[in-house]
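Below is one structure; the comments refer to it alone.
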Amino acid sequence: MISKKDIQFIKEQIEFHKEPLLSVYADVNPAKPENQNNAWKIRIKNSLKEFDIPDHIKKKVFEVLEIDRPSARTIAIFAADDLIERYDLQIDIPVVDLANGRVDVSWGKPNVSPLIFAIDEYERTGVLYLKKTGWHFYEFFLGELKELDDSFNEVSTSEWEELNNNLKEVYHDLLKSRVPTHPDKFPKRINSFVIRFYKKLAQLVEKIVTLKDIKRMILVGPEEQTKHFASFLSKPIRNTIISFAGDLQIQDSSPARIYEKIYPIIESIERNYEKELVDSLENSNIVSGLENTLEALQTGRVYSLIVPWNLNAKVWSCKNGYISTSEEKVKELCGNDNVKKINLKSIIIDLALDYGAKLEFVRGDAEELLIKKYSGLVGLLRW
């Protein structure tokens, strides 16, 4: 998992490293048939042959490829005379064209924008599992789930046992006092031990959320207990809760079991958000289509750019940085000799950053609608 220290290193050391620097992104997902038998490794090596890269730089890359087979979905490698860094990521990288296992390679200016975008875009999610024998807290970030082992160290085994014994009394009273009009209402008299202990646990959870910069929370466990405990959290922390996921069929705190439970929830929330975003465009002040949106973006009118995940458009650019779908327009500004045709996907992140626009990538149904209804690119306008 990429740590805060890694993020700082990427932004400070790799992004501003002196040129030339080699940047490589590749699809290495072991679940894909086209990546079996080290085919991904062969594609990386073949792609490097297409560039005039010094042999000692290539050798560095080959050596890190041999360390071990990545279990990740995407691999990112950065190499220079004094640098070699490899990141194995459990996510797909936006705008890097990895269709059919293709490799994205650049030699010269560091190409860290896709990785930095992913780091900035993916929110750290906390997962609290209310297991009977002791609670567990996990951090979900960039597709990986890691348990924070020291989260509840100060809570003894005997305290967990006492909590469970007292909860039996609470839920017994709850079932007797329930009425159809208030199915989730707890009895007024709640066991005093539970109150004290939940307040203590709430403080521990809030400490973790603040320390780890958690933006979203998922609570796993019996619904009555998770919702009851949530009431002891401060309002700002309660507002981060995106799901009460219910209990596990088997009391198992392994990351694999928790991942299986929460990953579909996070994916569903992300896709629903993207669909709602695209649906809302109909009532917003927008510009759509490649040329119109690019022109509005480059005049500073766009504050948010909505982009399909699979961006396959070609555009023309010149040395002053102007981008257009029209070769004639670019030639008028720059002259015939300073024009080149490039993939929009390779510059879209930097383009949005340069003009102060927030970037939103959409997939699935939202992407299909964006392409069909809005010709594949939309800008929300400042004016």
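Give me the pairs: first residue in segment 283-303 and at positive phi, second residue basic (Lys, Arg), beta-carbon distance under 9 Å, and six or more apart or on different chains, which are they?
Within 9 Å, the pairs are Gly300/Arg382.
When you go through Ser243, Ser253 one by one, which is the residue that is farther than 15 Å from Leu167 by Cβ and either open to solvent by 70 Å² or more (accessible area, probe 1.4 Å) or at pLDDT below 95 (or both)?
Details: Ser243 fails: either open to solvent by 70 Å² or more (accessible area, probe 1.4 Å) or at pLDDT below 95 (or both).
Going through Ser243, Ser253 in turn, the sole match is Ser253.
Among all residue pairs at least 6 apart or on different chains, which show Cβ distances below 6 Å where the first residue, located in segment 334-355, is of a type in the set (Ser, Thr, Tyr) and the second is crowded, with 19+ Cβ neighbours inside 10 Å?
Close Cβ pairs (under 6 Å, with a partner that is crowded, with 19+ Cβ neighbours inside 10 Å) amount to Tyr355/Leu297.
Of all residues in segment 10-25, which are under 30 Å from Lys212 (Cα atoms) and touching a residue at least 40 places away in the same chain (Cβ under 8 Å)? First the steps, then the outcome.
Pass one, segment 10-25, residues under 30 Å from Lys212 (Cα atoms): 10-17, 23-25.
Within segment 10-25, Ile10, Lys11, Gln13, Ile14, Glu15, Phe16, His17, Ser23, Val24, Tyr25 qualify.
Cβ-Cβ below 7 Å, separation at least six or inter-chain, first residue in segment 26-46 and under 14 Å from Glu66 (Cα atoms) and at pLDDT 90 or above, second open to solvent by 50 Å² or more (accessible area, probe 1.4 Å) and among the β-branched types (Val, Ile, Thr): which pairs?
none
For segment 314-328, give me each residue that is touching a residue at least 24 places away in the same chain (Cβ under 8 Å) and assigned to a strand (DSSP E or B). Even if it seems obvious, please write down each step before you answer.
Restricting attention to segment 314-328, the residues satisfying the condition of being touching a residue at least 24 places away in the same chain (Cβ under 8 Å) are 314-317, 321-326.
Selection gives Lys314, Val315, Trp316, Ser317, Ile323, Ser324.
Looking only at segment 355-370, count how many residues are closer than 16 Å to Val287 by Cα, outside any loop (DSSP other than H, G, I, E, B) and open to solvent by 30 Å² or more (accessible area, probe 1.4 Å).
2
Quick one: which of Lys331, Lys341, Lys345, Lys373 is in a helix (DSSP H, G or I) and within 28 Å of Val105 (Cβ to Cβ)? Write out each step before concluding.
Numbers: Lys331 fails: within 28 Å of Val105 (Cβ to Cβ); Lys341 fails: in a helix (DSSP H, G or I); Lys373 fails: within 28 Å of Val105 (Cβ to Cβ).
Result: Lys345 is the single residue among Lys331, Lys341, Lys345, Lys373 that is in a helix (DSSP H, G or I) and within 28 Å of Val105 (Cβ to Cβ).
Given the conditions (1) open to solvent by 40 Å² or more (accessible area, probe 1.4 Å); (2) part of a loop (DSSP other than H, G, I, E, B); (3) on the phi < 0 side of the Ramachandran plot, report the number of the one that Leu311 does not fulfil.
(1)
Going through Glu224, Glu161 one at a time, which residue ends up being at pLDDT 85 or above and either surrounded by 15 or more Cβ atoms within 10 Å (Cβ to Cβ) or assigned to a loop (DSSP other than H, G, I, E, B) (or both)? Walk me through it before giving the result.
Details: Glu161 fails: either surrounded by 15 or more Cβ atoms within 10 Å (Cβ to Cβ) or assigned to a loop (DSSP other than H, G, I, E, B) (or both).
That would be Glu224, the only listed residue that is at pLDDT 85 or above and either surrounded by 15 or more Cβ atoms within 10 Å (Cβ to Cβ) or assigned to a loop (DSSP other than H, G, I, E, B) (or both).
In segment 350-369, how many are touching a Leu at 6+ places or on another chain (Cβ under 8 Å) and closer than 15 Å to Thr293 by Cβ?
8
Given the conditions (1) open to solvent by 10 Å² or more (accessible area, probe 1.4 Å); (2) within 24 Å of Phe16 (Cβ to Cβ), and given that Lys131 satisfies all but one, which numbered condition is not satisfied?
Answer for Lys131: the failing condition is (2).
Can you name every residue in segment 198-221 that is closer than 16 Å to Asn164 by Cβ and open to solvent by less than 10 Å² (accessible area, probe 1.4 Å)?
Hits for segment 198-221 are Tyr198, Leu201, Gly221.
Please give the number of the condition Lys341 fails out of (1) at pLDDT below 95; (2) open to solvent by 40 Å² or more (accessible area, probe 1.4 Å); (3) within 21 Å of Lys373 (Cβ to Cβ); (4) touching a helix residue (DSSP H, G or I) at 6+ places or on another chain (Cβ under 8 Å).
Just one mismatch for Lys341, condition (3).
Does segment 47-65 contain any residue that is among the small types (Gly, Ala, Ser), assigned to a strand (DSSP E or B) and either closer than 24 Å to Asp120 by Cβ or over 25 Å from the mean Cα position of the chain (by Cα) (or both)?
Going through segment 47-65, the residues among the small types (Gly, Ala, Ser) turn out to be 47.
Keeping just the survivors that are assigned to a strand (DSSP E or B) gives none.
Taking every residue of segment 47-65 in turn, none turns out to be among the small types (Gly, Ala, Ser), assigned to a strand (DSSP E or B) and either closer than 24 Å to Asp120 by Cβ or over 25 Å from the mean Cα position of the chain (by Cα) (or both).
Could you check how many residues of segment 68-84 are open to solvent by 50 Å² or more (accessible area, probe 1.4 Å) and in contact (Cβ under 8 Å) with a residue 12 or more places away in the chain? Outline the logic, then answer.
So in segment 68-84, the residues open to solvent by 50 Å² or more (accessible area, probe 1.4 Å) come out as 68-69, 71, 73, 81-82, 84.
Checking the rest, the ones that are also in contact (Cβ under 8 Å) with a residue 12 or more places away in the chain come to 69, 71, 73, 81, 84.
Result for segment 68-84: 5.
Out of Ile84, Ile2, report the one residue that is closer than 30 Å to Lys358 by Cβ and not in a helix (DSSP H, G or I).
Numbers: Ile84 fails: closer than 30 Å to Lys358 by Cβ.
Of the residues listed, the single one that is closer than 30 Å to Lys358 by Cβ and not in a helix (DSSP H, G or I) is Ile2.
Take Ala352 and tell me if it is modelled with pLDDT of 95 or more and buried (at least 19 other Cβ atoms within 10 Å of the Cβ).
Working: modelled with pLDDT of 95 or more: no; buried (at least 19 other Cβ atoms within 10 Å of the Cβ): yes.
No.
The values are calculated or read from the model by the stated rules, or taken from the named source; none is laboratory data. As the structure is a prediction and not an experimental result, all values here were calculated from the model. Note: ideal-geometry Cβ built from the backbone for every residue, glycine included; neighbour counts use all protein chains shown. Surface areas here come from the heavy atoms of the whole protein model, side chains and all, with no ligands, DNA or RNA. Shrake-Rupley method; radii C 1.70, N 1.55, O 1.52, S 1.80 Å.
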